[in-house]
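What follows is calculated from the coordinates using simple rules that are stated; it is not laboratory data. This is a predicted model, so every value here is computed, not measured. When we count neighbours, we look across all protein chains shown, and the Cβ atoms used for this are built from the backbone with ideal geometry, even at glycine.
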Amino acid sequence: MLGPSTADQDHNVVQVNPSQTDNLNTRGTSAASKEHDESRHNQIIAQLDAKLTAITKANLQLSDNSHSFDPPSNETISQQPPTGWKHQYNELFSLLNRGLLGFNYADTDNSSKSSNYNPGFEQGQTNISAVLMGPKGGGKSFLLERCLSDLSAVAQKRRQRRSTSGGELNDNPVAFRVVRLNGLLYSGGNAVACVREIARQIGEMAGRRQERQQRGEEAGSSNSCGSSRKKAKLNHGSSDGEHQQQSASNELTVHDEGEENDDDTPERALQTARIDKIPILIILEELESFISRGKKFNKSTSSNAADDAADSNARQLLLYHLLDRVADHKFLVSLVGLTNDLGACSKFEKRVLSRAEGTSKIIYFGRRSTYDDFVDGLLMAFHCQSNGVEDAAMLELRKDVEYVLRGGENCREGSDEMNDHSLVRSVMEHNFMARSMDMRWFCRVLDVALGALASDIEEAKLSYITGTADDDKTLSELNLRLTPYHMAMALTAMGAHVCDIVQGKRHGPSTEGLVLSRWESLLNGPYRGNDPRVRALFDLTGPQVAVLLAARRINARDDTRSTIEDEVDSARKKGTQKKSLLSVAAPLTYQRIHDEYTTSFVASGRYTTGSDRYPSHLLYRAFIELLELDLIRPKKDHSSGGPSQFEHCGTLSNGANLINLPLYVNLGLEDDFVGLLKANTLNCSTALREWGLKIS
């Protein structure tokens, strides 16, 4: 039998089943779609990681970082004065530049000046001292760190110019050293401990320099000449970091006048700057702690004046010695003090003032005058570094924060329109202007808000990793940005004042209720106030509310009776009234509370309902619970009308009879309790609330 023809063979080769073609197309389409989804998911996860990185950087800049002046090696910080602190920045930067870096001819393009300096020295360095004075949260620490950061960038720029111009470079990798002392940690009266701490920090920095030199020696061991020069330098006793640290630790004691401690002097700790030509900046935080007068209680009264004078001398001994080294220009030592006491400089001794003359300068810091300037100060924590995804995320985060803090697009001054953005701005502005919250408090608020945002981003990232995310939504549709909800949560957690943001404005009587309801709607839950004791009122049971209402009625009547007695007594003294009330108000006791509730409320059929008739044992149990919550305290009067002594948990455990024990309500009944009662936010019936609001 003959085989198939060539045409048939060709036809058989070309012929394909249509169903197979559809399956192949479907598989190819699904594979491409799967790759596209994976690529899209990876891109979204990368963007979420960039957001988290930006939030982490912002949180680090919002928090206090004592070594934040060290700039990263791959970043350049622009020397721009912060908004609102231009004068203070220029003044402080000029001082520190003159004291730590010297002449700034290396930053200019004038080649005639660059040929006049010795590469081994920073010419023109002059010791300086300054006092940064202003309220807490006024930006003193921030501006100091900003100046140090910019000076570090200037020093790196000088070093790079010298390397590119072919000039000789010294072996100092750092331009200056910073030593920090906090008056709350190191008492100014113990000058010996303070100077030892200065030496310890200098010794550690010198030790790190020695380690870097040793690593450089090992890396360049192939060059025998260079290696021998480094070994000779390291073996030299004056520049040996380990020897400096050991001598500084063993030979550090400030010898006071009248004390023979000539073995050790602070010069040995500060000679490091003269040896390796790296200036030292000493920062004294809480400067008032180093100059305040202490008191000694173990001395007789006849020697109090001498003791106070001796203690004052001991406290200011550290300042005297440090300023003495600043005045002596053979030590490359500068001093900066930070204080919020405006009268700190007036407490200096005469010898301290004499050392400070000519080298010291006072720089004053004030509080931001407007809310917009304050927002500009907060936004300085959100810096954009270099080009890249992280910088785009930081810029987007900064825009979101600014949008929320400024109240959105439609928030105008004097506008009565209320939305979530304007409400958050009103709360922020009220806590800044009326409550005088400082910058650190608002930084913590932003820290909490960014933490809540980071939690939402982590949850969205986990959903994309596990494959449970909605594939149809893009990153913009997820709305993973800072919202008024995050700020409201942070403000509530930090105890921001919300209830009184409408005070001083012409609003209707229900405006405060509208603000609270809007705030609760923003929080998606009830607002519990900002006082822990007030928050505890929301969780009180009906019997506990009944006890407090009875106590409130008794105290109100006693106060009214005391006022009437005072008026009668005043009239009697003037001769216009011959009679006086001889009744003395009995102290508040549980027996009076029980009688008030049973006789005035339960016995009256006008108020009570079935649910309000609490039995005696339930009322007494509620009273004990209020004692445990510290809303009611037992008290004793040991001096017949004098100050009362309050007792706490001991009364509950010693088996005392609490029924007739005098009590004190540890709560503002008329301010806090009655306000919540009128707002109908307590767990009680309408009849009980109406009864509690009446006195008689």
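Counting other beta carbons within 10 Å of each Cβ, put 429, 285, 204, 357 in order, fewest first.
357, 204, 429, 285
With θ taken as phi - 60° and the Karplus curve 6.51 cos²θ - 1.76 cosθ + 1.60 applied, the whole-hertz 3J(HN,Hα) list for segment 436-448 is 6, 5, 8, 5, 5, 5, 5, 5, 5, 4, 5, 4, 5 Hz, x standing for glycine and proline. Amide H of residue 361 versus every other amide H placed in the peptide plane: which residues, excluding those fewer than 5 positions away on the same chain, fall under 5 Å? Amide H to amide H, under 5 Å and 5 or more residues apart or across chains, residue 361 pairs with 129, 130, 131. Were the residues from residue 182 through residue 91 laid out at 0.36 nm apart, the gain over their Cα-Cα distance would be 30.4 nm.
Across segment 624-632, rounded Karplus estimates of 3J(HN,Hα) from the backbone phi angles (6.51 cos²θ - 1.76 cosθ + 1.60, θ = phi - 60°) give 5, 5, 5, 5, 5, 7, 6, 7, 10 Hz, Gly and Pro being marked x. Close amide H pairs (under 5 Å, H built 1.01 Å from N) link residue 282 with 179, 334, 335, 336, residues at least 5 positions away or on another chain. The listed peptides 132-143, 593-604, ordered by packing as a protection proxy, come out as 132-143, 593-604 (highest mean of other Cβ atoms within 10 Å first). Take the Cα of residue 444, step 7 Å toward its Cβ, do the same at residue 621, and the gap between the two points is 3.9 nm. Counting neighbouring Cβ atoms within 10 Å and putting the fewest first, the residues 553, 161 line up as 161, 553. Fully extending the segment from residue 354 to residue 372 would add 2.3 nm, taking 0.36 nm per residue of separation and subtracting the current Cα-Cα distance.
Each of the peptides 434-441, 86-93 was scored by the mean count of other Cβ atoms within 10 Å over its residues; in descending order, highest first, they stand as 86-93, 434-441.
Among 443, 684, the order by Cβ neighbours within 10 angstrom, fewest to most, reads 443, 684. Legend: calculated FRET efficiency, residue 465 to residue 328, from the Cβ-Cβ distance at R0 = 56 Å, rounded to 0.05, equals 0.35.
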